[in-house]
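Derivation of every value follows stated rules applied to the coordinates shown; laboratory data play no part. The structure presented is a predicted model; accordingly, all values stated were derived computationally and were not measured. With ideal geometry, Cβ positions are generated from the backbone for all residues, glycine too; neighbour counts draw on all protein chains shown.
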Amino acid sequence: MSDKVIKDAPVVLAVFAHPDDVEFTCAGTLALLRAAGCETHYLNLANGCCGSMELGREETAALRWRETRDAAAALDAVPHPPLFNDLEIFYNQESLERVASVFRAICPNVVLTHALEDYMEDHMNTARLAVTALFTAGMPNYRTWPDRPPYAADRALYHALPHGFRRPADGARVYPGFYVGIDSVMDRKRGALACHRSQKEWLDQTQGMDAYLETQAELARVLGGESGAGEFAEGFTQHLPLGFAPDGYRPLQTILGGHIRQPVPPTSNP
């Protein structure tokens, strides 16, 4: 763990693919960072327009945006509007220019995002876009759309675990670089997910994810049990700092030091 002192609480951006992804993967950590004085932001790249069996695309997207704003409020985070439709998150120049523009508007020091290997393309493309958008943040010759100036700051990016903690290609278990104990904010994590009322019905119908809130709790309980951090935990792996900041820049670990636990099992990068 770094001895680097964070003199000013950093700006934190959670950027994930769909409404409710933040709640399953990192809402507890986001709440802890906010309680520590960080400015926290919440961005889903996709609008959730395919997440209904009854409503049309526009109605569904509008509903999901209302639920997202409620969830962000529950976490005391600033919500940002989605940029793409569901299943239209692509790693290409046009998408990168749009995502990088939002990054420059927020100027995050810390970005939380998906694993680079996950069960669906929207998640993986979101992770790739987040990595490159953060990488270009300080490049004056990289143009975004809308065009925004670069910002100079140390930056760190953290990957959450893939859904179910397994690699999609072979089902192998994935372990994080470190765990964050979230017992003190588990009620807020659960409350934020409860704001996504329409998604509970959608997943029950399409993916058999009965007991939506209990699924969230069980995933966090597995990590809590194996980490020794408490009953509930979340897991992350820091992206290689090359191009972002000096090797010693580990803001999440520094700010949340008392909540951090190192993994006991053999690790595998997400």
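Using only the Cα atoms of segment 1-88, each taken as one equal point scatterer with no solvent, compute I(q) by the Debye sum, divide by I(0), and report log10 of the ratio at q = 0.10, 0.12, 0.17, 0.21 Å⁻¹. Treating every Cα as an identical point scatterer, log10 I(q)/I(0) equals -0.29, -0.40, -0.69, -0.93.
Across segment 14-28, rounded Karplus estimates of 3J(HN,Hα) from the backbone phi angles (6.51 cos²θ - 1.76 cosθ + 1.60, θ = phi - 60°) give 9, 10, 10, 7, 10, x, 4, 5, 4, 5, 6, 9, 8, 4, x Hz, Gly and Pro being marked x. Karplus-derived 3J(HN,Hα) values for segment 43-56, using 6.51 cos²θ - 1.76 cosθ + 1.60 with θ = phi - 60°, are 9, 9, 5, 9, 8, x, 5, 9, x, 8, 9, 10, 8, x Hz; glycine and proline are entered as x. What does the C-alpha gyration tensor say about the overall shape of segment 34-187? Classify as rounded when a/c is under 1.5, otherwise prolate if a/b is larger than b/c, or oblate. Here segment 34-187 falls in the rounded category.
Give the whole-number value, in cubic angstrom per residue, of the convex hull volume spanned by the C-alpha atoms of the chain.
Details: hull volume 31.7 nm³, N = 270.
Enclosed volume per residue, from the Cα hull, is 117 Å³.
What FRET efficiency would be calculated for the residue pair A35, T215, taking the C-beta separation as r and a Förster radius of 25 Å, to the nearest 0.05? Please list the in-between numbers first.
Numbers: r = 25 Å, r/R0 = 1.01.
That pair, A35 with T215, gives E of 0.50.
Computed from backbone phi, the HN-Hα couplings of segment 63-77 come to 5, 5, 5, 4, 5, 5, 4, 5, 5, 4, 5, 4, 9, 6, 10 Hz, rounded to whole numbers (Karplus: 6.51 cos²θ - 1.76 cosθ + 1.60, θ = phi - 60°; Gly and Pro given as x).
For the chain, what does -39500 (n - 2.57) per DSSP helix run (n ≥ 4), summed and divided by total residues, give at 222 nm, in deg cm²/dmol to the nearest 500? Present the calculation step by step, with values, prior to reporting the outcome.
On the way: 9 runs with 101 residues, N = 270.
Helix contribution divided over all residues of the chain: -11500 deg cm²/dmol.
The H on the amide N of A14, modeled in the peptide plane, is under 5 Å from the matching H of H41, Y42, L43, L112, each at least 5 residues off or on a different chain.
Between amide H atoms placed 1.01 Å from N, distances below 5 Å from A156 occur with V110, V111, all of them 5 or more places distant or on a separate chain. Please report the relative contact order for the chain, taking Cα pairs under 8 Å with a sequence separation of at least 6, and give it as a percent rounded to a whole number. Reported relative contact order: 24 percent.
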